[in-house]
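Engineer: Structure provided below as structure tokens; questions to follow.
The values are calculated or read from the model by the stated rules, or taken from the named source; none is laboratory data. Everything numeric in this text was worked out from a predicted model, so none of it was measured. Virtual Cβ from ideal backbone geometry, glycine too; neighbours counted across all protein chains shown. Only protein heavy atoms, including side chains, enter the accessible area calculation; ligands, DNA and RNA are left aside. Shrake-Rupley method; radii C 1.70, N 1.55, O 1.52, S 1.80 Å.
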Amino acid sequence: MFDITFGLLPPTIVDLIIDATQQTLYMVAVSGALGTLIGLPLGVFLATSRAGELFAAPWLNQSLGLVVNAARSTPFIILVVAIIPFTRLVAGTSIGTSAAIVPLTVAAAPFIARLIEAAIREVDQGLVEAARAMGASPIQIVAKVLLPEALPAITLALTLAAVSLLGYSAMVGAVGGGGLGDLGIRFGYQRFMPEVMAAVVLVLILLVQAVQTLGDRLARRLDKRSRG
Amino acid sequence: MNAPLTLAAAVPTLPDPSAAPAAIPAPARSIIRFERVAKTFPARSGHAAVHALSDITLDVPEGAILGVIGRSGAGKSTLIRLVNGLEKPSGGRVLVDDVDIGALDEAALRKERRSIGMIFQHFNLLARRTAFDNVALPLEIAGVPRAEIKARVEPLLDLVGLSDKRDRYPAELSGGQKQRVGIARALATRPRVLLSDEATSALDPETTEQILALLRRVNAELNLTVLLITHEMAVIKAVADKVAVIDGGRIVEDGATYEVFARPRHPTTRSFLAALTAKSLPRRVAEQLSAEPRDGRDQAVLRIVFTGQHAQDPVLSRVSRLLSVDVNIIQAQVDEIAGTPFGVIVVSVPGDAPTLSAVINAVERLNLTAEVLGYV
């Protein structure tokens with residue numbers, strides 16, 4: 001097989017990096033998807049439930065806001081160990097790549113919720129008023145006005161969330177989650193192999209670049225505001 | 001210069017405005033009715049309660065265009081939002097087609113809103129929908145099937161002259177085109193009433209004229225009742241059959257547009273009309289015009305409205321002779337409101353208080369109105 005490292009790294013290490021990249025992508029993809037599944041509706045609710053808004057429930061809005069803030073202010077590495085019982089309950093085990101998805105999701109959901117909330121709040125209130133004047137129900141306003149109009153901003157929000165998850169996933173080595181960050185620590189740092197560390201960082205940079213470029217491009221294509 | 005003669009010659013067949021009701025068809029059923037409506041916004045932390053509207057009674061006859069004019073903060077936005085229930089009255093009733101809007105529950109209100117179209121100052125089009133899809137939106141919301149939506153949107157785009165822009169996004173359209181999409185969208189559910197919230201305030205004068213002409217057209221062709229709010233007298237003049245002047249949350253004057261233009265009674269109305277006249281004054285005069293006299297040698301600028309049989313009287317020469325004052329004509333024109341012409345003449349006379357009040361008295365004795373626009 002063609003050696004993409006030009007002999008700088010032994011083939012066994014290359015295999016390790018490929019495995020770790022796959023683990024990272026798997027963790028980020030699944031926790032990103034699950035986080036969006038929870039964070040999107042939560043974000044929409046946070047953006048529409050203050051007093052006088054579509055689903056006005058100020059009390060619930062404030063309570064959820066508190067929970068979201070609490071989850072977001074817990075350092076990720078502490079969150080990982082703090083919710084081990086919960087992880088065991090959901091995943092059946094607290095160790096391994098799949099188990100690591102649980103804390104990643106728990107961290108991603110409130111983060112994504114806040115990002116979605118901000119994206120929805122950017123939508124011109126005049127559009128909501130116009131939709132109400134047409135006789136739209138609150139659900140219709142969300143489905144036909146708020147989400148579609150916020151889609152470019154939501155795309156950028158999810159891109160940001162994915163990049164953040166790439167960073168978080170480096171910490172789940174602490175619970176045997178594997179992935180690029182774990183590889184970097186174990187080989188690059190603990191076994192004094194700076195070339196492995198460099199390779200890991202390089203792969204992460206490439207991944208972040210790819211995700212960001214893709215997200216930016218998609219958002220630009222979805223955004224119809226800046227034509228002529 | 002014999003402008004008064006030209007003016008008189010141009011308007012000899014004017015009906016007397018007091019006889020004007022004869023020209024108006026039998027009173028139409030009123031489709032929007034405000035009955036002693038009040039709206040108070042409750043006090044919030046740091047803000048006292050706001051009495052946005054008090055004791056509003058107003059009828060909009062079916063098929064009419066009624067314009068509500070007021071300065072910002074006068075309560076006109078609140079007034080128009082009461083009609084489709086975006087605001088609820090805190091007192092009185094708002095009836096649309098005999099339905100008490102304030103008494104409807106949410107579901108019934110949503111249904112009722114489909115028969116009330118609305119257009120906005122900033123158009124409020126969805127940026128990620130094409131012109132076609134924007135017009136289709138109210139139909140999607142009403143649950144109209146796809147095939148029927150297409151059949152209904154296309155004639156609407158045709159009506160507003162945008163068939164060739166159907167697949168364009170709002171960012172690719174001019175302000176006037178966006179408002180045309182807004183109008184087509186408002187008409188999609190075949191409403192009986194169209195609410196226009198400062199619909200031309202973000203447009204240039206020429207585009208404003210086109211949009212107002214379009215409103216006139218849909219009003220006539222679809223027998224659509226239009227309630228519009230504006231802060232510009234020019235808009236009222238261009239389209240409104242009836243006008244209500246709102247100030248401090250109350251209607252201070254209302255009536256047929258022609259009547260109100262010819263004989264404004266309330267100071268607010270007068271100042272709106274003065275602003276309209278001042279806009280068309282020669283620049284030399286407009287630039288020098290000040291609200292207060294600067295010294296005794298100022299000339300006062302007067303706006304005199306000629307209506308009815310007096311349009312033929314040599315009013316100015318009579319005043320001039322009677323009081324032996326010099327009357328300079330600055331501008332004379334025949335204006336038209338809702339198809340009825342009337343003359344407006346702007347003159348300057350000596351601005352010292354005794355002379356000025358003598359002139360105004362003389363003019364008013366001839367049953368014409370004269371207002372001081374300012375001093376030069």
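Engineer: Report the calculated FRET efficiency for B:Glu154 and B:Ser201 (r = Cβ-Cβ distance, R0 = 35 Å), to the nearest 0.05.
Structural biologist: 0.75
Engineer: In degrees from 0 to 90, rounded to the nearest 10, what is the angle of the helix B:267-280 Cα long axis to the longest principal axis of chain B?
Structural biologist: Its long axis makes an angle of about 80 degrees.
Engineer: Can you list residues whose amide H is under 5 Å from B:Leu373's amide H, if they're 5+ apart or on another chain and H is modeled 1.01 Å from N?
Structural biologist: The answer is B:Val301, B:Leu302, B:Arg303.
Engineer: How large is the accessible surface per residue of the protein assembly as shown, computed with a 1.4 Å probe and reported in Å² as a whole number?
Structural biologist: Ligands and nucleic acids excluded, the result is 47 Å² per residue.
Engineer: Oh, and also: At 20 °C and 1.002 mPa s, what whole-number value in µm²/s does Stokes-Einstein give for the translational diffusion of the range A:24-101, with Rh from the Kirkwood sum over Cα pairs?
Structural biologist: 150
Engineer: If you don't mind, there's one more thing I want to ask. Mind telling me which of B:Ala127, B:Ala362, B:Ala49 comes out most flexible in a GNM of chain B, alpha-carbon contacts under 10 Å?
Structural biologist: Its mean-square fluctuation being the largest, the pick is B:Ala49.
Engineer: Moving to a separate point now. Based on the inverse mean of 1/r over its pairs of different Cα atoms, what is the Kirkwood hydrodynamic radius of chain B, in Å?
Structural biologist: Radius from the Kirkwood sum: 22.7 Å.
Engineer: Here's a follow-up. Distance between the C-alpha centers of the range B:358-376 and the range B:184-256? Whole Å please.
Structural biologist: When both Cα centres are located, 31 Å separates them.
Engineer: Out of residues 5 or more away from B:Ser30 or on other chains, whose amide H comes under 5 Å of its own, with H placed 1.01 Å from N in the peptide plane?
Structural biologist: Residues meeting the amide H criterion: B:Glu62.
Engineer: Compute the acute angle (0 to 90°) between the alpha-carbon long axis of helix A:58-73 and the principal axis of greatest extent of the alpha-carbon atoms of chain A; round to the nearest 10°.
Structural biologist: 20
Engineer: With every atom except the alpha carbons ignored, what do you get for Rg and Dmax of the range B:260-376, in angstroms?
Structural biologist: Rg then Dmax for the range B:260-376, in Å: 13.5, 42.
Engineer: A further question follows. State, to one decimal in nm, how far the label point of A:Asp19 lies from the label point of B:Leu222, with both points 7 Å from Cα in the Cβ direction.
Structural biologist: Here the modelled spin labels are 6.9 nm apart.
Engineer: Per-residue HN-Hα couplings for the range A:118-125, Karplus 6.51 cos²θ - 1.76 cosθ + 1.60 at θ = phi - 60°, whole Hz, x for Gly and Pro?
Structural biologist: 3J(HN,Hα) across the range A:118-125, in whole Hz: 4, 5, 5, 5, 6, 5, 3, 4.
Engineer: How large a share of the accessible area of the range B:235-357, in percent, is made up of carbon and sulfur atoms when the probe is 1.4 Å and the other protein chains stay in place?
Structural biologist: Details: 2660 of 5520 Å².
With neighbouring chains kept in place, the figure for the range B:235-357 is 48 percent.
Engineer: Taking the Cα centre of each part, how many Å lie between the range B:105-175 and the range A:196-213?
Structural biologist: Using only Cα atoms to place each centre, the spacing works out to 46 Å.
Engineer: Considering only DSSP beta bridges where both residues belong to the protein assembly as shown, give the percentage that are antiparallel (nearest 5).
Structural biologist: Values: 46 of 65 bridges.
Antiparallel: roughly 70 percent of the beta bridges in the protein assembly as shown.
Engineer: Over all directions, how big on average is the projection of the convex hull of the alpha-carbon atoms in chain A, in square nanometres?
Structural biologist: Quarter of the Cα hull surface area: 16.1 nm².
Engineer: Here is a follow-up. Lysines near B:Lys237 by alpha-carbon distance under 18 Å, same-chain residues fewer than 8 away left out - which ones?
Structural biologist: Of all the lysines, those that pass the test against B:Lys237 - Cα under 18 Å, at least 8 places apart if same chain - are B:Lys76, B:Lys279.
Engineer: Turning to a different aspect of this structure: What is the spin-label model distance, in nm, from B:Leu323 to A:Arg217 if the labels are put 7 Å beyond Cα along the C-beta direction?
Structural biologist: Here the answer is 7.9 nm between the modelled labels.
Engineer: Jot down the radius of gyration and Dmax of the range B:202-320, Cα atoms only, both in angstrom.
Structural biologist: Just the Cα atoms of the range B:202-320 yield Rg and Dmax of 17.3, 57 Å.
Engineer: By what distance, in whole Å, do the Cα atoms of the protein assembly as shown stretch along each of the three principal axes, largest value first?
Structural biologist: For the protein assembly as shown, the Cα extents along the three principal axes come out at 114, 52, 52 Å.
Engineer: Taking 0.36 nm per residue of sequence separation and subtracting the Cα-Cα distance, how much length would be gained by fully extending the chain between A:Ala143 and A:Ala70, in nm to one decimal?
Structural biologist: 23.4 nm
Engineer: How much FRET efficiency would the formula 1/(1 + (r/R0)^6) give for B:Asn367 and A:Trp59, where r is the Cβ-Cβ distance and R0 is 56 Å, rounded to 0.05?
Structural biologist: With a Förster radius of 56 Å, E is 0.30.
Engineer: Starting from the Cα of B:Ser280, step 7 Å along the direction of its Cβ; do the same at B:Ala49; then give the gap between the two resulting points in nm.
Structural biologist: 4.5
Engineer: Enumerate the residues in the range A:28-47 having an amide nitrogen under 13 Å from the point lying 7 Å beyond the Cα of A:Arg121 toward its Cβ.
Structural biologist: A:43-47
Engineer: Interface A/B, total buried accessible area with a 1.4 Å probe, nearest 100 Å²? Before the final figure, lay out the partial values.
Structural biologist: Numbers: alone 12920 and 17570 Å², together 28230 Å².
The contact between B and A buries close to 2300 Å².
Engineer: Once R0 is set to 30 Å, what does the formula 1/(1 + (r/R0)^6) return for the Cβ-Cβ distance between A:Phe86 and A:Gln190, expressed as a FRET efficiency to the nearest 0.05? Each step should come with its number before you reach the end.
Structural biologist: On the way: r = 29 Å, r/R0 = 0.97.
Computed FRET efficiency for A:Phe86 and A:Gln190: 0.55.
Engineer: Once you have the Cα-Cα distance between B:Arg263 and B:Asp100, take 0.36 nm times their residue separation minus that, and quote the gain in nm to one decimal.
Structural biologist: Values: separation 163, 0.36 × 163 = 58.68 nm, distance 3.42 nm.
Value of the extension gain: 55.3 nm.
Engineer: Hey, another quick one. Report, in deg cm²/dmol and to the nearest 500, the calculated mean residue ellipticity at 222 nm for chain B, where each DSSP H run with n ≥ 4 adds -39500 (n - 2.57) and the sum is divided by the residue count. Working shown, then result.
Structural biologist: Working: 13 runs with 134 residues, N = 376.
After summing the helix terms and dividing by residue count, I get -10500 deg cm²/dmol.
Engineer: Moving on to the next point. Can you list the GluC sites (Glu not before Pro) in the range B:194-291 that are in a DSSP coil and have 11 or fewer other beta carbons within 10 angstrom?
Structural biologist: Working: sites: B:Glu198, B:Glu206, B:Glu209, B:Glu221, B:Glu232, B:Glu253, B:Glu259, B:Glu287; in loops: B:Glu198, B:Glu232.
Here no loop site has a sparse enough neighbourhood.
Engineer: Which whole-Hz couplings ³J(HN,Hα) result when phi for each residue of the range A:170-187 is put into the Karplus expression 6.51 cos²θ - 1.76 cosθ + 1.60, θ = phi - 60°, listed in order with x for Gly and Pro?
Structural biologist: Coupling constants for the range A:170-187: 5, 8, 6, x, 4, 10, x, x, x, x, 5, x, 4, 4, x, 5, 5, 8 Hz.
Engineer: Follow-up question, since we're still on this one. Check which residues have an amide H placed less than 5 Å from B:Asp247's amide H, if you skip close sequence neighbours.
Structural biologist: Long-range HN contacts for B:Asp247: B:Val252.
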